[in-house]
Structure formats: C-alpha cells, structure tokens
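J.: Let me give you the structure first, and then I'll get to my questions.
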Amino acid sequence: MVAGTAILSAMAKGWFITFEGGEGTGKSTQLRLLNDWLRALGHRTVHSREPGGTPVAEAVRAILLDPALEPDGLSEIFLLEAARHDHVERVVRPAMAAGAVVLCDRFTDSSLVYQGLVRGLGWDEVETLNHLATGGLAPDLTIVLDMDPEVALARAHTRNSEGTARENRLDDEPAEFHRRVREGFLELAEREPDRVRVIAADGPPEKVFARIHPVLPEALR
Ligand code: TMP
C-alpha cells in the first residue's frame, strides 16, 4: 500500500503504460491485474490494445489477423500505423488529457520488433512511421514480459484450443520467428533502459504481477 500511495500523486497528469512481449507471455492477464490494482488505489484507467482500441482500428485488426489475407510487409506496417493513429487520437491522448492511466496491450515497440527487426523493414524506418502515426507520443513505461517462446507458445496454443482466443496469422510463425521476437524486445530494453523494463513472465500470474507493480513508483517518478 505504501508503493500505491506513492504513485497516486505521480499519476495526476495521466500516464501511458504499455505491455509488450511475444505470443503467450501473459500480457493480457497482467494488464488486467494492473488495471484492477490501479483502480483499487483510486486511479481512473483506460484499458486498450493495439492493433485495436477504436472501431476503425479493430476493423484493421481483423484484416491483420485474418489467416486468409497476406498483406506484404509494407502494407502491413501501413495498416498498423493507420490503426495506431486513430487509436492515439481518439483514445490515448484524450484519456491522458483527462488524467487517466492508459494501459495498452502492445504499441509502437511491437512494430519496431515485429516489422522493423524481424520482418526486416528496418528499425529507423519503422521509428519514422511510428512517429508520424503517434505525433511523437511515447509510453511513460513499457513492461516487456519475457519468457522462453516455446513455453509461451505452448501456453498460447492451449488457450486457443480452449476457445478463449482466436488463432491468428502470427501465432503460426515458426519457432525461429518467435525467438527473434524475444531477442528484439530484449534489444529494445537495452536501447531504452529507463522506459523499458523486462519482467520474467514464468510462473503463476500473481507471482508475475508481484514482479510488476513494484516497478511503477520508481519508473513513473
Ligand atoms: P496479440 O496482441 O493478441 O498478441 O496479437 C497481435 C498480433 O499482432 C501479434 O502477433 C503481434 C502483431 N503486431 C505486430 O506485428 N506489430 C504491431 O505493431 C502490433 C501492435 C502487433
């Protein structure tokens, strides 16, 4: 509770916190836990995701995740950035201006890693497109959930076969793809150690969350 009290005043201006990581690392679960934790402390929160978060961006998400459609790399990044611009302008900026804590499942860093690094479009090129789409808005804090992709994928596939999530185009990529995604996020954390924190994502959700919430007061000072 001491940590919680400490972040109350720090968050008066509105904050933007993103969760990143490979498939099956438990981002959505941790985001929900953080959302509940912040609300219990009296913060107003907005819980969103990318691609998605607005009707336009959710429609783009359906295109991007449809296994029957295979946009090439450049088409894919433009679709992502179109969805992102809509989401930033209609959801993220207004919520922050109103003093809310915005929690987002993936953001610009996913584009840097998946499209820039792994798909080979180039880090700087994607950074330029990210900047255009967001008007330069960057998260105050990014939590990267890190774990062995084989374990994470096995978890994601169990989840999918239980019908709690749809199988998507990127879940079907080979193991090497997911290994490079993991390395990409670790590289990102090395480039921006103040903003990006790597959290070990193995273990039960409450154990992982116990590693996450202590990061907030320090990171958001
Ligand atoms: P997920 O958020 O449910 O994991 O699914 C979204 C998929 O979209 C995931 O495989 C990662 C991918 N993605 C990108 O390739 N680039 C991006 O910029 C974003 C936001 C997501």
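The values are calculated or read from the model by the stated rules, or taken from the named source; none is laboratory data. Here the structure is a predicted model, which is why all the values come from computation and not from measurement. In this analysis, Cβ positions are derived from the backbone assuming ideal geometry, glycine residues included, and neighbour counts consider all displayed protein chains. Just so you know, the surface numbers come from the protein's heavy atoms only, side chains and all, with ligands and any DNA or RNA stripped out. Shrake-Rupley method; radii C 1.70, N 1.55, O 1.52, S 1.80 Å.
J.: Comparing 135, 53, 184, which has the greatest mean-square fluctuation in the GNM of the chain with Cα pairs linked when under 10 Å apart?
T.: Checking each option, the largest mean-square fluctuation is seen for 135.
J.: Mind checking the per residue accessible area of the chain for me, 1.4 Å probe, whole number of Å²?
T.: Numbers: 10210 Å² over 221 residues.
Ligands and nucleic acids excluded, the figure is 46 Å² per residue.
J.: Enter the per residue convex hull volume of the chain, computed from alpha-carbon coordinates, in Å³ rounded to the nearest integer.
T.: Values: hull volume 25.6 nm³, N = 221.
Each residue corresponds to 116 Å³ of Cα convex hull volume.
J.: A follow-up question, please. Carbon and sulfur atoms: what percent of the 1.4 Å accessible area of region 181-221 do they account for?
T.: Numbers: 1150 of 2240 Å².
Answer for region 181-221: carbon and sulfur cover 52 percent of the accessible area.
J.: Now for a different question. Could you tell me how far the Cα centroid of region 117-156 sits from the Cα centroid of region 170-221, in Å?
T.: Taking the Cα centre of region 117-156 as reference, the centre of region 170-221 is 11 Å away.
J.: Counting helices only, and only those DSSP H runs with n ≥ 4, report the 222 nm mean residue ellipticity of the chain as the sum of -39,500 (n - 2.57) divided by its residues, in deg cm²/dmol to the nearest 500. Can you show the working numbers first?
T.: Values: 10 runs with 108 residues, N = 221.
For the chain, the value works out to -14500 deg cm²/dmol.
J.: Additional query: Would you work out which of 131, 186, 210 lies farthest towards the positive end of the dipole of the chain? Charges go on Cβ: Lys and Arg +1, Asp and Glu -1.
T.: 210
J.: While we're on this one: Sorted by accessible area (1.4 Å probe), largest first, how do 36, 194, 146, 66 line up? Show your work: numbers first, answer last.
T.: Working: 36 95, 194 125, 146 30, 66 50 Å².
Order by accessible area, largest first: 194, 36, 66, 146.
J.: Show 157, 43, 213 ordered by accessible area, largest first, where the area counts protein heavy atoms only and the probe is 1.4 Å. Before the final figure, lay out the partial values.
T.: Numbers: 157 75, 43 20, 213 50 Å².
Greatest to least solvent exposure: 157, 213, 43.
J.: Now, a different point. Can you give the charge dipole size of the chain about its Cα centre, rounded to the nearest 20 debye, using +1 on the beta carbon of Lys and Arg and -1 on the beta carbon of Asp and Glu? Working shown, then result.
T.: Working: 25 positive and 35 negative charges, 217 e Å.
About 1040 debye.
J.: For residue 45, list long-range residues whose amide hydrogen, built 1.01 Å from N in the peptide plane, is under 5 Å from its own amide hydrogen.
T.: 101
J.: Counting only protein heavy atoms, what percent of the accessible surface of region 83-156 is carbon or sulfur at a 1.4 Å probe?
T.: On the way: 1420 of 2620 Å².
C and S fraction of accessible area: 54 percent.
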